[in-house]
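Structure first, commentary second.
The values are calculated or read from the model by the stated rules, or taken from the named source; none is laboratory data. All values derive from a computational prediction rather than experimental measurement. So basically every Cβ, Gly included, is an ideal-geometry build from the backbone, and we count neighbours across all protein chains shown. Keep in mind that these areas ignore ligands, DNA and RNA; they rest on the heavy atoms of the full protein, side chains included. Shrake-Rupley method; radii C 1.70, N 1.55, O 1.52, S 1.80 Å.
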Amino acid sequence: MLWGGMADDFDLEMMRRALALAQTAADAGEAPIGAVIVDPVTREIVAEAYNEPIGLSDPTGHAEILALRSAAAKLENYRLSGLTLYVTLEPCAMCAGAISHARIGRVVYGARDEKGGAVANGPRFFEQPTCHSRPVVESGLMAEESSAMLKAFFRARR
């Protein structure tokens with residue numbers, strides 16, 4: 001679902017946190033993507049991460065994957081049922097698959113990714129009949145800020 005209504009203060013706060021993490025990634029020379037996983041009942045941040053594939057020498061070092069790993073370790077459970085993932089960029093196919101396997105309940109993302117995204121673009125992972133678990137998806141929250149940060153980062157590298 002495209003973000004069209006009023007965001008509540010908590011959603012905005014969590015996306016601002018994800019954007020701050022994205023800035024940390026950019027400052028480290030990584031693509032500026034940040035992710036926060038929250039328990040929507042307690043509103044506790046369970047885990048957060050930013051892109052680190054270069055720094056970790058790990059092609060799976062995407063913000064979403066690192067946040068999922070951290071949340072699973074903290075909760076001592078690979079199932080993260082009912083949790084909400086906030087991420088600054090539309091998840092790729094790898095991340096969408098991990099989100100599905102973790103049973104995340106809701107995904108809120110900022111900017112669309114027409115080249116590498118797999119939620120609203122590309123394979124539309126959560127719409128596939130083989131998808132194990134389909135989170136509620138909301139897109140476009142603080143999309144302009146997320147997109148501007150990504151564009152500035154890549155423009156500076158050209």
Reported set for the range 104-117 where residues are more than 22 Å from MET14 (Cβ to Cβ) and under 14 Å from the mean Cα position of the chain (by Cα) is GLY116
If I filter the range 62-75 for residues that are over 14 Å from the mean Cα position of the chain (by Cα) and either surrounded by 21 or more Cβ atoms within 10 Å (Cβ to Cβ) or modelled with pLDDT under 95 (or both), do I get at least one hit? no
If only one of ALA156, ALA93 is out of contact with any Ser or Thr (no Cβ under 7 Å at 6 or more places or on another chain), without any contact (Cβ under 8 Å) to a residue 12 or more places away in the chain, surrounded by fewer than 16 Cβ atoms within 10 Å (Cβ to Cβ) and among the hydrophobic types (A, V, I, L, M, F, W, C), which one is it? ALA156
Exactly one of (1) closer than 24 Å to GLU30 by Cα; (2) open to solvent by less than 30 Å² (accessible area, probe 1.4 Å) is unmet by LEU80. Its number? (1)
Are any residues in the range 105-144 surrounded by fewer than 16 Cβ atoms within 10 Å (Cβ to Cβ) and part of a helix (DSSP H, G or I), and if so, which ones? GLU127, GLU144
Taking only the range 76-104 into account, find how many residues are part of a loop (DSSP other than H, G, I, E, B) and hydroxyl-bearing (Ser, Thr, Tyr). 2
Can you find even one residue in the range 28-39 that is more than 14 Å from the chain's Cα centre (by Cα) and under 18 Å from SER146 (Cβ atoms)? yes
